[in-house]
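Trainee: Quick one: structure below, then a few questions.
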Amino acid sequence: MKKNKFYCSDCASVFSKWHGQCPECQTWNSININEENINHESYRFDKNSIQLLSNIEAKAKTRITTGLQEFDRVLGGGLVTGEVVLIGGDPGVGKSTLLLQTLANLSDDLQKHCGLYVSGEESVEQVALRARRLEIDILKLKRINIISETSLEHILEACKIVKPSVLVMDSIQTVFDPNSTSSAGSVNQIRECASKLTNWAKSSGNSLFLIGHVNKEGNLAGPRVLEHMVDAVIYFEGDSGARFRIVRSVKNRFGAINEIGVFSMSVKGLKEVTNPSALFLTDSSFSEKETQKKISFRPGTCVFASQEASRPMLLEIQALVDTNRTNNPRRFCLGLDSQRLPMLLAVLQRHCAVSCFDQDVYVNAVGGLKITEPSADLSILLSIISSIKCKALPNGLVAFGEIGLSGEIRPSLKGTDRLKESAKLGFTQAIIPKANVPKQKISKLKIVGISHISDVLDLL
């Protein structure tokens, strides 16, 4: 029996009739028709498939190092055998470069980690030119199999011949299943192809990398069901023209989420940044060895001690407050939550009598890192106050803490780790929530705990 079904290209919702606007995601003109054969066959249930959870043996997964410590950190300690990883990012950000370097590192041991690179967008000559540009060792290139193919049947047949331990599919949006009636690149095609490739990885115990495109909002294009099917979802952050790249895990069944890895883009590919705190501070020469070095900042800057999953990291927050000559003062955030800025300004006016209603306020996180945790509130307000007064904050000052609507300073997670990282990098003062003050003193770090935002003015 044939029946028409309608799919939303954005959220993959299924409907029995066409809609101009998707009822689920509210996207206009995203409903597409697809004809498919619906077979209502009944299958006999195997009662022996029911097991007690206590009788199932839980075996530890074997991890494979990718040769890039920053990438291993994001993956949770390395690539798990049989893991399916979906990587998304803007065009030209470095997705193909990262996986080509990873595949070359995994190919050091041909017997255990034979790799297959499937290019659906570029020819094999183009991939070879990229490998030469990255100066990948010729012995590693001899251990990497590559095909330029978009047919799912041919890709699975190549897997039977090569038997790769790691498969790279660049990209999933280019693959099509000849047995499907839908057009290539449609929601149904992407879902079916990803499902069959995932089944191959799970049944064979081999790892799979899927490269996915992103839409103009920065989300992975295609059905959201892809993110539910895979084990890990990793995003590339940073513009294609920027020098540095941030790799962040937003889903990981074998590790922590929001874990980040920092890379620098060069002619020879992606290079690891071992000391990310130096990257996000104005003084790029700052290093762990210079523990006694003091940093002087200009007005409108404050160092924020962030915590990205298991990694404490210091970064600079800048603020610029300027007189507005129109009736609509601007509130602009770059790398920060733009919805929290008006709230923080309202708290500043109510509890500190510092008004910005007739002024433009611009806030920026240096280095291109996107900050999502509310612990940056205190650092943001300190930078704003510093900009208003045109007075620099004290040397070697670092801050963190969430601010509530009543002006209270709420504690942050892993406060001690943040303080230890600050002391290791040479900072001498810290303004933090009173609840985060450690019981034991940290060497060469003066810690001031506050419980209300009004206490900040007494310290500056």
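The values are calculated or read from the model by the stated rules, or taken from the named source; none is laboratory data. Since the structure is predicted, the reported quantities are computational estimates derived from the model, not experimental observations. Every residue, glycine among them, receives a Cβ derived from its backbone with ideal geometry; neighbour counts consider all protein chains shown.
Trainee: For the structure I just gave you, tell me whether SER454 is polar (S, T, N, Q) and either within 20 Å of LEU314 (Cβ to Cβ) or free of Cβ contacts under 8 Å to residues at least 40 places away in the same chain (or both).
Mentor: In short, no.
Trainee: When the range 332-345 is examined, which residues are found to be in a helix (DSSP H, G or I) and either in contact (Cβ under 8 Å) with a residue 24 or more places away in the chain or of a type in the set (S, T, N, Q) (or both)?
Mentor: Within the range 332-345, ARG340, LEU341, MET343, LEU344, LEU345 meet the criteria.
Trainee: Just need a number here: residues in the range 130-161 that are outside any helix (DSSP H, G or I) and more than 18 Å from CYS193 (Cβ to Cβ).
Mentor: So the count comes out to 9.
Trainee: Are there any pairs with C-beta distances below 7 angstrom linking a residue in the range 398-411 that is of a type in the set (Asp, Glu) to a residue that is surrounded by 24 or more Cβ atoms within 10 Å (Cβ to Cβ), with the two at least 6 apart or on different chains, and if so which?
Mentor: GLU402/SER375; GLU402/ASP377
Trainee: Turning to a different aspect of this structure: Conditions: (1) surrounded by fewer than 21 Cβ atoms within 10 Å (Cβ to Cβ); (2) of a type in the set (Val, Ile, Thr); (3) under 26 Å from the mean Cα position of the chain (by Cα); (4) farther than 17 Å from LEU79 by Cβ. THR198 meets all but one. Number of the miss?
Mentor: If we test THR198 against (1) surrounded by fewer than 21 Cβ atoms within 10 Å (Cβ to Cβ); (2) of a type in the set (Val, Ile, Thr); (3) under 26 Å from the mean Cα position of the chain (by Cα); (4) farther than 17 Å from LEU79 by Cβ, just (4) comes out false.
Trainee: I would also like to ask the following. Looking at the range 267-318 only, could you name the residues that are at pLDDT below 70 and either in a strand (DSSP E or B) or among the β-branched types (Val, Ile, Thr) (or both)?
Mentor: THR282, THR291, ILE295
Trainee: For the range 70-129, which positions are closer than 21 Å to VAL267 by Cβ, part of a loop (DSSP other than H, G, I, E, B) and without any contact (Cβ under 8 Å) to a residue 60 or more places away in the chain?
Mentor: GLU122
Trainee: Inside the range 244-260, can you point out the residues that are assigned to a loop (DSSP other than H, G, I, E, B) and within 8 Å of the chain's Cα centre (by Cα)?
Mentor: Result: ASN258, GLU259.
Trainee: Determine which single condition THR372 fails, assuming it passes every other condition in (1) of a type in the set (Val, Ile, Thr); (2) over 22 Å from ASN258 (Cα atoms); (3) not in a helix (DSSP H, G or I).
Mentor: Going through the list (1) of a type in the set (Val, Ile, Thr); (2) over 22 Å from ASN258 (Cα atoms); (3) not in a helix (DSSP H, G or I), THR372 breaks only (2).
Trainee: Now, a different point. Do you know which residues across the range 426-445 are loosely packed, with under 15 Cβ neighbours inside 10 Å and over 26 Å from PRO342 (Cα atoms)?
Mentor: Result: PRO438, LYS439, GLN440, LYS441, SER443, LYS444.
Trainee: Across the range 140-193, what is the total count of residues that are in contact with a Ser or Thr (Cβ under 6 Å, 6 or more places away or on another chain), within 16 Å of GLU121 (Cα to Cα) and among the polar types (S, T, N, Q)?
Mentor: Counting residues in the range 140-193 that are in contact with a Ser or Thr (Cβ under 6 Å, 6 or more places away or on another chain), within 16 Å of GLU121 (Cα to Cα) and among the polar types (S, T, N, Q) gives 3.
Trainee: Do we have any residue at all in the range 172-180 that's assigned to a loop (DSSP other than H, G, I, E, B) and at pLDDT 90 or above?
Mentor: yes
Trainee: So ASP90 ticks every box in (1) under 23 Å from the mean Cα position of the chain (by Cα); (2) closer than 21 Å to GLY205 by Cβ but one. Which box is left unticked?
Mentor: (2)
Trainee: Oh, and also: Could you tell me whether ILE161 is free of Cβ contacts under 8 Å to residues at least 40 places away in the same chain and over 26 Å from the mean Cα position of the chain (by Cα)?
Mentor: yes
Trainee: Give me the residue from the range 368-425 that is basic (Lys, Arg) and either within 16 Å of GLY449 (Cα to Cα) or touching a Phe, Trp or Tyr at 6+ places or on another chain (Cβ under 9 Å) (or both) and, out of that set, surrounded by the most Cβ atoms within 10 Å (Cβ to Cβ).
Mentor: The residue in question is ARG418.
Trainee: Next up: Quick one: which of SER386, SER443, SER454, SER375 is small (Gly, Ala, Ser) and within 24 Å of PHE244 (Cβ to Cβ)?
Mentor: Testing whether each residue is small (Gly, Ala, Ser) and within 24 Å of PHE244 (Cβ to Cβ) leaves just SER375.
Trainee: On to the next question. Please go through the range 406-460 and give me each residue that is in a helix (DSSP H, G or I) and aliphatic (A, V, I, L, M), ordered by number.
Mentor: Those that are in a helix (DSSP H, G or I) and aliphatic (A, V, I, L, M): LEU419, ALA423, ALA435, VAL456, LEU457, LEU459.
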